[in-house]
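A short write-up of the structure that comes next.
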Amino acid sequence: MPRAVWPVSRGRPIIEVVLSVAPGGRPVPRQLIADTGAGTLPSGIELLLDEQDCLTCGGTPMQPIVLGGAYVGSYPTYAIQVGIPALAFNQPVIVVGLPTPPTGFDGIACFRFLNRFIYGNFGKSTEFGLEL
Amino acid sequence: MPMSKTVQELNRELADKLAEDGRNNPHHVYAGKFVGIANGQVVVVADNLNEMVSRLRQVEPNPTRTFGVEVGRDYSVVEEIWKVS
């Protein structure tokens, strides 16, 4: 089964996704905190990214969503094409547009997104990975 | 004299109405569907997000003139994001 792994960054598990910038489709890598505590399985949201990324990638605007905790209030959402080349994953997912992503990272991968895959450290404490 | 509404406002108003109708009526004709709106009109009704985005882009290539809504989803539910310090 294909697996993608990334070294832990700043002590946190991360994943790297690739966004396609419209209109030429130039791939742009983004490092996201892998946070199983963000959102829930039934929630519609899968990623949180800088809203500027959502707009640059030509995301389709979707209904806004209400966040609590680290981010409070109503935030815009977008359907954005997201890829993980090592897993041959490339699909539109619902992304929350943030005014400011978490310091040192490009955004957050929520439980709903991580749960698409088998996730974990696969026996290496300094890595985090996804497997299909 | 009222100013005319922008395409984004028209799209958003229609999406809000569909979302509210879907919340109040589980048997709504679009319940459980991903509905794509372009230029103030419903142009796509799809079973999943992938299909909605793909077909919506064919109808209206400019994403700023489009909007999407999952009818039946309760968008007022607060999604908790833990603080990253």
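Please treat every number below as a calculation from the coordinates, not as lab data. Computed from a prediction, not measured in an experiment: that's the story for all the values here. Cβ placement follows ideal geometry from the backbone for every residue including glycine, while neighbour counts extend to all protein chains displayed.
Considering the options A:Gly69, A:Ala38, A:Leu132, tell which one lies farthest towards the positive end of the dipole of chain A, charges being +1 on Lys and Arg and -1 on Asp and Glu at the Cβ, about the Cα centre.
So the residue we want is A:Leu132.
Would you give the gap between the C-alpha center of the range B:29-59 and the C-alpha center of the range A:61-132, rounded to a whole Å?
Cα centres, the range B:29-59 to the range A:61-132: 23 Å.
Find how much the distance from A:Arg10 to A:Gln52 grows on full extension, using 0.36 nm per residue of separation minus their present alpha carbon separation; answer in nm with one decimal.
Stretched out fully, the A:Arg10 to A:Gln52 stretch lengthens by 12.7 nm.
Residue-wise, which Karplus ³J(HN,Hα) couplings in Hz belong to the range A:11-20, taking 6.51 cos²θ - 1.76 cosθ + 1.60, θ = phi - 60°, and x for glycine or proline?
With the stated coefficients, the range A:11-20 comes to x, 10, x, 10, 10, 10, 10, 10, 9, 9 Hz.
From Cα pairs below 8 angstrom and at least 6 apart in sequence, can you work out the relative contact order of chain A, rounded to a whole percent?
34
Using modelled backbone amide H atoms (1.01 Å from N, in-plane), which distant-in-sequence or interchain residues come within less than 5 Å of A:Met62's amide H?
Counting only residues 5 or more places away or on other chains, the set is A:Thr77, A:Tyr78, A:Ala79, B:Gly68.
Treating the beta-carbon of each Lys and Arg as +1 and of each Asp and Glu as -1, no other charges, what is the dipole magnitude of chain A about its Cα centre, to the nearest 20 debye?
200
For the Cα atoms of chain B, what angle does the longest principal axis make with the long axis of helix B:49-59, in degrees from 0 to 90, nearest 10?
That helix lies at roughly 10 degrees to the long axis.
Calculate one ³J(HN,Hα) per residue across the range A:85-99 by plugging θ = phi - 60° into the Karplus curve 6.51 cos²θ - 1.76 cosθ + 1.60, and present them in order as whole Hz with x for glycine and proline.
Karplus values, whole Hz, x for Gly and Pro: x, 4, 9, 6, 9, 7, 8, x, 9, 7, 10, 8, x, 9, x.
Relative to the longest principal Cα axis of chain B, at what angle does helix B:7-24 sit, 0 to 90 degrees, rounded to 10?
50
Please give me, ordered by residue number, the trypsin sites (Lys or Arg not before Pro) of chain B that lie in loop per DSSP and have at most 13 other Cβ atoms within 10 Å.
Listed in order of number, the matching sites are B:Lys5, B:Lys83.
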